[in-house]
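Asks: The structure that follows is given in the form of structure tokens.
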Amino acid sequence: MHMSLKELLFPPESRLFAGQRWVNISLRTLHLIGLAGIGSGILYPAPEGASNYYLYLTLASGLGLSLVSIWSNAIWLVQLRGQAIILKLLLALIPVWPEAGVWLLFMVIIISGYISHAPGDVRYYSLFHRGRIENL
């Protein structure tokens, strides 16, 4: 049986794999370590580029988290919870716009805090569908 791209990306039920919860926990932990390193490099005097490794850790762990979410069900991309993650890529601008580092860091933290603790009607809201969606 041939599966369409839509069926592959947007299954009726989200997919899970063995150990997925622990993969997510591990990636989130690495993500927080990276964000702490970025924050310390921005908020306290440090040689230019000192927090780049933390930025790479944050971006790589964030990419891993995103790929797990997309694999489970790509509907995540059209919900605010996924779109907020894409917006958080503002962190990638820090090396090219270091004077805005504090504001970029704070924006990412604000976006993260708001979306991760928002009610489901906000997190699962789709700008494209003008309402809460949980499957396509």
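Quick note: the coordinates plus some simple rules give every number you see, no bench work behind them. Predicted model only: the values in this text are computed from it and were never measured. Note: ideal-geometry Cβ built from the backbone for every residue, glycine included; neighbour counts use all protein chains shown.
Asks: Can you compute 3J(HN,Hα) from phi for each residue in the range 90-104, using the Karplus curve 6.51 cos²θ - 1.76 cosθ + 1.60 with θ = phi - 60°, rounded to whole Hz and x for Gly and Pro?
Replies: 3, 4, 5, 7, 4, x, 8, 9, x, 5, 9, x, 4, 5, 5
Asks: Give the label of the value calculated from the structure for semi-axes √(5λ) of the Cα gyration tensor in Å, choosing from (i) 21, 17, 15; (ii) 31, 17, 13; (iii) 26, 16, 15.
Replies: Label (ii) holds the value from this structure.
Asks: Can you give me the relative contact order of the chain as a percent, contacts being Cα pairs under 8 Å and 6 or more apart?
Replies: Working: 133 pairs, mean separation 35.8, N = 136.
Worked out over the chain, it gives 26 percent.
Asks: Return the whole-Å distance between the Cα centroid of the range 98-122 and the Cα centroid of the range 43-88.
Replies: 12 Å
Asks: Stokes-Einstein D for the range 25-105 at 10 °C, 1.306 mPa s, Kirkwood Rh over Cα pairs, in µm²/s?
Replies: On the way: Rh = 13.2 Å.
Taking Rh from Cα pairs, D becomes 120 µm²/s.
Asks: Quickly estimate the mean residue ellipticity at 222 nm for the chain, helices only: each DSSP H run with n ≥ 4 gives -39500 (n - 2.57), and the total goes over all residues, rounded to 500. Intermediate values should be presented prior to the final figure.
Replies: Values: 6 runs with 79 residues, N = 136.
Mean residue ellipticity at 222 nm (helix-derived): -18500 deg cm²/dmol.
Asks: Taking the Cα centre of the chain as the origin, how large is its charge dipole in debye, to the nearest 20, when only Lys and Arg (+1) and Asp and Glu (-1) carry charge on their Cβ atoms? Provide the component values of the computation, followed by the final result.
Replies: Numbers: 9 positive and 6 negative charges, 62 e Å.
Computed charge dipole of the chain: roughly 300 debye.
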